[in-house]
Amino acid sequence: MAIGIVIGAAFGTVVKSLVDNIIAPPFGLLLGGMDFSNFFINLSPGNYSSLAAAKVAGAATINYGLFLNSVVSFLIVAWALFMVMKLMNKLKRQQRAALPNTKVCPQCQSTINVQALRCPYCTSQL
């Protein structure tokens with residue numbers, strides 16, 4: 001979890017820029033050319049053409065477009081973290097597989113388990 005917090009904080013601005021400038025515009029285009037982050041529900045009387053106009057007027061709004069941008073940002077960070085952890089686990093498995101699991105007894109030169117404390121062939125203490 002700590003890794004996720006560090007990566008999320010370090011790449012937060014990059015991910016926000018990626019979502020706001022690269023991912024959100026195609027969604028907006030698919031939805032009729034509207035700005036994805038400009039989707040909101042006005043709870044106050046009056047009509048506002050944009051979220052900025054509603055904020056200037058002090059209107060109460062539910063900003064579900066900004067929320068959706070945050071969800072997409074979170075999913076990108078989670079995917080990146082998943083891929084990093086997957087790579088780290090793969091490297092650890094390869095590292096463990098490369099470690100020897102046998103050793104040679106110094107007394108009788110027999111091959112024994114690396115964790116053995118006594119040789120099963122000559123019973124010498126290791």
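The values are calculated or read from the model by the stated rules, or taken from the named source; none is laboratory data. The model shown is predicted, which means the values in this text are computed figures rather than measured ones. Virtual Cβ from ideal backbone geometry, glycine too; neighbours counted across all protein chains shown.
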Next item on the list: May I ask you to list pairs of residues, at least six apart or on different chains, whose Cβ atoms are under 6 Å apart, with the first in the stretch 108-126 being surrounded by 12 or more Cβ atoms within 10 Å (Cβ to Cβ) and the second being β-branched (Val, Ile, Thr)?
Entry: Cys119/Ile112
Next item on the list: Scan Ala52, Ala59, Ala97 and give me the residue that is within 30 Å of Val114 (Cβ to Cβ), over 12 Å from the mean Cα position of the chain (by Cα) and of a type in the set (Gly, Ala, Ser).
Entry: Ala97
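Residues are listed down the side, and each one gets a yes or a no for (1) within 30 Å of Leu126 (Cβ to Cβ); (2) loosely packed, with under 15 Cβ neighbours inside 10 Å; (3) touching a Pro at 6+ places or on another chain (Cβ under 9 Å); (4) free of Cβ contacts under 8 Å to residues at least 40 places away in the same chain:
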residue	(1), (2), (3), (4)
Ser17	no, yes, no, yes
Asn21	no, yes, no, yes
Gly32	no, yes, no, yes
Phe39	no, no, no, yes
Thr61	no, no, no, yes
Ile76	no, no, no, no
Leu91	no, yes, no, yes
Ala97	yes, yes, no, yes
Next item on the list: Could you grab me the full set of residues in the stretch 1-57 that are at pLDDT 85 or above and within 19 Å of Ser73 (Cβ to Cβ)?
Entry: Phe39, Phe40, Leu51
Note to self: Being loosely packed, with under 11 Cβ neighbours inside 10 Å, of a type outside the set (A, V, I, L, M) and touching a residue at least 12 places away in the same chain (Cβ under 8 Å): is that true of Gly46 here?
What the structure shows: yes
Checklist line | Unique match (being in a helix (DSSP H, G or I), surrounded by 13 or more Cβ atoms within 10 Å (Cβ to Cβ) and in contact (Cβ under 8 Å) with a residue 24 or more places away in the chain) among Ile3, Ile7 | finding: Ile7
Margin query: Restricting to the stretch 57-74, count the residues that are β-branched (Val, Ile, Thr) and more than 24 Å from Ser17 (Cα to Cα).
Written below: 0
